[in-house]
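Structure first, then comments.
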Amino acid sequence: MQFANPQEARDFLERHPDVRSIELMLIDANGIPRGKLLHRDELLAIYEHGRPLPSSILSLTIQGEDVEESGLVWEVADADCWTYPLPGSLCLQPWRAVPTGQLQVSMHPTQGLPATPGDPRHVLARTIDALKADGYHPVMAVELEFYLLDKQRDANGRPQPAVQMNGVRPQAPQVYGVYELEQVQPFLDDLYAACEAQGLPVRTAISEYAPGQLELTLEHRFDALQAVDEGVRYKRLVKGVANKHGLQACFMAKPFGDLAGSGLHMHVSLADAEGNNLMASEDPHGTPLLRHAIGGMMATLDDALAIFCPNANSFRRFQANSYAPLAKSWGVNNRTVSFRVPGGPANSRHIEHRICGADANPYLAAAAILAGIHKGIREQIEPGPAIVGNGYEQARETLPTDWLTALRNLEGSSWAGEALGKDFLRVFLAIKWAEYRQFMGEVGEQDWRWYLSHA
């Protein structure tokens, strides 16, 4: 694990004498930033000596409650565990009213014990290292869909799309509508400016398939860990910019039962050490390596589904003709399948993984994807014929459609224990089972309310 040089902090403090506070954040198992707001005088010491955070910070439910069964609370005395800054993560939060910095940290491999195994970023780093050891360098990009909502609820207390600049609350999908993008231009202008300030490679904005739903694309990165770091920071940024505009950015998988769900689409290819795409092919179906990668993801999909779809609400997204996949399927230039090989020139050949909801932890989702790919390559697993046409009508082996089945599959998976680490999996499952029990006992069908403020 590489941590940042203290000179980064010195340079930042010199460039920004007006910054008085720095938001320190660690990403937990649910993908939620947890941490503290620090004074500028504390920043350099974090780079030089680390910063302790309680072990329980990586044992929390989506509502921020301790899970004693994780083994990271009372039995380890909620011990201090040392975190250190990630290189390049120190930046400004331009949406704040007062100049404020932002710093992402991760657990130290040894000084962070006993919490280190519960750090999801470590899980992804190990998976990437395993692929690199076999000569495969994963190249990734993250796409996140989200809704822009009013902070004010409707007459029934339910969320509703934000009123546009023209004073109208959108009702129709208007997918790909450019006028709809114009109606949120002040938000988009601030979002692009904030991304530029933080060095995030955000590109195309799209009006998605529901009123108030948007997607912005991030560029592919040769360094997959960097790509996912940027995806995590982008999600934090979107929420911050929306809050500045009096709005709420919602990354729930299915905030509205009758409207499109929001996905986390992850694009992946494998390169050699020089950056040459090992999946490149004039054949739109790709190379044997590409097909084996898809075969591996298919073979591990049931086991990993609770990673890709980590909440009860996640499974409401799976509906026919909804742009959310329903089966273990793949195809070329086909948005009705789970694993899509986009069109384009030979050197751009890659796979779009379309299963994750926007509520998934990007670190864990990427780790499970890459571990599945690695299995497929090692065992030369064939994915079967590509789907041509409507994949919803040709679904053969469908996905589990409930949270309980997905959790049981993950718990019983020897592959997941090896791929994600047994210690991490124990912590993650303890958290998700605690959430499952609470959800079933206290919330019932009102899952939109339970997840809305956190997703």
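Of everything in segment 392-410, what is farther than 12 Å from residue 302 by Cβ and among the charged types (D, E, K, R)? Give them in sequence order. Matches in segment 392-410: 393, 396, 402.
Figure legend. Inter-residue proximity from segment 317-328: first residues more than 15 Å from residue 252 (Cβ to Cβ), second residues acidic (Asp, Glu) and open to solvent by less than 20 Å² (accessible area, probe 1.4 Å), beta-carbon distance below 7 Å, spacing 6+ or different chains. No pairs are indicated. In segment 228-256, the residues that are more than 18 Å from residue 310 (Cβ to Cβ) reach residues that are among the acidic types (Asp, Glu) with C-beta atoms within less than 8 angstrom, at least six apart or across chains, in these pairs: 241/190; 244/190; 245/190; 247/150; 248/150. Residues that are part of a strand (DSSP E or B), among the basic types (Lys, Arg) and free of Cβ contacts under 8 Å to residues at least 24 places away in the same chain within segment 1-60 comprise just one, 36. Test residue 62 against the criterion of being open to solvent by less than 20 Å² (accessible area, probe 1.4 Å) and at pLDDT below 95, and give yes or no. Spelling it out, residue 62 is indeed open to solvent by less than 20 Å² (accessible area, probe 1.4 Å) and at pLDDT below 95. Is it the case that segment 223-243 has a residue that's surrounded by fewer than 17 Cβ atoms within 10 Å (Cβ to Cβ) and modelled with pLDDT under 95? No, there is no match, as no residue in segment 223-243 is surrounded by fewer than 17 Cβ atoms within 10 Å (Cβ to Cβ) and modelled with pLDDT under 95. Of the listed requirements (1) farther than 30 Å from residue 87 by Cβ; (2) surrounded by 16 or more Cβ atoms within 10 Å (Cβ to Cβ), residue 191 misses just one: (1).
Filter segment 112-137 for residues that are open to solvent by less than 10 Å² (accessible area, probe 1.4 Å) and within 15 Å of the chain's Cα centre (by Cα) and give the result. 119, 120, 123, 124 - these are the residues of segment 112-137 that are open to solvent by less than 10 Å² (accessible area, probe 1.4 Å) and within 15 Å of the chain's Cα centre (by Cα).
Inclusion of residue 13 among residues that are open to solvent by 20 Å² or more (accessible area, probe 1.4 Å) and of a type in the set (A, V, I, L, M, F, W, C) is warranted. Would you call residue 50 more than 25 Å from residue 226 (Cα to Cα) and crowded, with 17+ Cβ neighbours inside 10 Å? Against the criterion (more than 25 Å from residue 226 (Cα to Cα) and crowded, with 17+ Cβ neighbours inside 10 Å), residue 50 does not qualify. Among the residues in segment 77-87, are any open to solvent by 40 Å² or more (accessible area, probe 1.4 Å) and either under 26 Å from residue 436 (Cα atoms) or in a helix (DSSP H, G or I) (or both)? Yes, some residue in segment 77-87 is open to solvent by 40 Å² or more (accessible area, probe 1.4 Å) and either under 26 Å from residue 436 (Cα atoms) or in a helix (DSSP H, G or I) (or both).
Might you let me know whether segment 378-401 holds any residue that is more than 16 Å from residue 352 (Cα to Cα), touching an Asp or Glu at 6+ places or on another chain (Cβ under 7 Å), surrounded by 15 or more Cβ atoms within 10 Å (Cβ to Cβ) and not charged (D, E, K, R)? For segment 378-401, residues more than 16 Å from residue 352 (Cα to Cα), touching an Asp or Glu at 6+ places or on another chain (Cβ under 7 Å), surrounded by 15 or more Cβ atoms within 10 Å (Cβ to Cβ) and not charged (D, E, K, R): present.
The values are calculated or read from the model by the stated rules, or taken from the named source; none is laboratory data. As the structure is a prediction and not an experimental result, all values here were calculated from the model. Glycine gets a Cβ as well: all are built from the backbone with ideal geometry, and neighbour counts include every protein chain shown. Quick note on the areas: whole protein, heavy atoms, side chains included, nothing else; ligands and nucleic acids left out. Shrake-Rupley method; radii C 1.70, N 1.55, O 1.52, S 1.80 Å.
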